[in-house]
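A quick write-up on the structure given underneath.
Quick note: the coordinates plus some simple rules give every number you see, no bench work behind them. Nothing here was measured: the structure is a model prediction, and the numbers come from that model.
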Amino acid sequence: MSTTSNGAPAPARGRSRPSRAPVTAAQAFGISVFPLLGAGLAGNGMPVRDVLVLLAGCGAIGAAVYAVGGSGRLLLQAFAAALHAAARR
């Protein structure tokens, strides 16, 4: 029984929130490939600005796919805010 309200369940003891899921191999691969891809493109003569634009576009597409597939409303809001901030520059 809770001490704050009659009939309310008592607060859970120990872990009150779930732990994070472990990083999968696909996530680790994606995180490590982007810097290597950028370094490889820049090393082969592609301008750094174009490399950054390309990798940012790939990241935006990945975030959008993740948001749509996972119904990530907060991620979509953050993505829209980032686009709005970039458009104001």
**Fill in**
Checked region 33-89 with the C-alpha gyration tensor, a ≥ b ≥ c its square-rooted eigenvalues, rounded below a/c of 1.5, otherwise prolate if a/b is larger than b/c and oblate if not; verdict oblate
**Request:** Mind checking the full-extension length gain between residue 20 and residue 37? Use 0.36 nm per residue of separation minus the Cα-Cα distance, one decimal, nm.
**Result:** 3.3 nm
